[in-house]
Amino acid sequence: MNTLIIIIQIILSCMFAFSASIKLLRTKSMVQHWNDYQYPMWFMNMTALLELARVIGVIAALWVPEILKYAAGLFVLLMIGAIHAHLFRAKHKPVMEINALVILLFSITLMVV
């Protein structure tokens, strides 16, 4: 079970490090998504910084396991917000949420173990 948890931590860290970087770099596709969500651009930067903080928390939890539940809890909140943004603000098709739902399940798994 420990190996599975570590693998999930690494997967989430990589995914959110990438996600934060494309937000901070303001790539064309991310700016377009953010316009679809109808959120202000400063919120994209704040979200990226929160993602990086969570990445640091999940990586730090490899050495200090007690903080994993808190870092994972923040991922859960982030993914609930992402699902809301995609489905209700941008009105994307539900199939677009498969990635977010998988990440949400991974995050919940890290919180529960």
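No value in this document is a laboratory result; all are computed from the given coordinates. Every value quoted in this text rests on a predicted model; they were computed, and no experiment measured them. Heads up, the Cβs are rebuilt from the backbone with ideal geometry, glycines too, and the neighbour counts pull from every protein chain shown.
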Which listed residue, of Glu97, Glu51, is in contact (Cβ under 8 Å) with a residue 24 or more places away in the chain, acidic (Asp, Glu), part of a helix (DSSP H, G or I) and out of contact with any Gly (no Cβ under 7 Å at 6 or more places or on another chain): Glu51
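If a residue must be of a type outside the set (Lys, Arg) and closer than 20 Å to Tyr39 by Cβ, how many such residues does segment 79-113 contain?
Total satisfying the criteria: 18.
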Qualifying residue in segment 23-34 (condition: of a type in the set (Ser, Thr, Tyr), farther than 11 Å from Leu110 by Cβ and buried (at least 18 other Cβ atoms within 10 Å of the Cβ)): no
